[in-house]
Amino acid sequence: MVQAAGTLPIFLLAIPAGVLTDILDRRKFLIAVQLLLASVSISLMLLAHTGMLSVSA
């Protein structure tokens, strides 16, 4: 179950990602994805720095 849950996003997102890269300009798409990943990383860094990042429910 854990392995299936880990590989399921790859199977679900591989085809739409391929279609998007064929339709859009690859360079601009890559830049947009990298900016999105950077913003997520920065927000996680800020949450960890302020102590607001926890696993409690």
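Observations
- All positions within segment 41-54 that are part of a helix (DSSP H, G or I) and surrounded by 10 or more Cβ atoms within 10 Å (Cβ to Cβ): S41, I42, S43, L44, M45, L46, L47, A48
- Some residue of segment 32-49 being modelled with pLDDT under 95 and touching a helix residue (DSSP H, G or I) at 6+ places or on another chain (Cβ under 8 Å): no
The values are calculated or read from the model by the stated rules, or taken from the named source; none is laboratory data. Source: prediction; values computed, not measured. Glycine also receives a Cβ, built like all others from the backbone with ideal geometry; neighbour counts cover every protein chain displayed.
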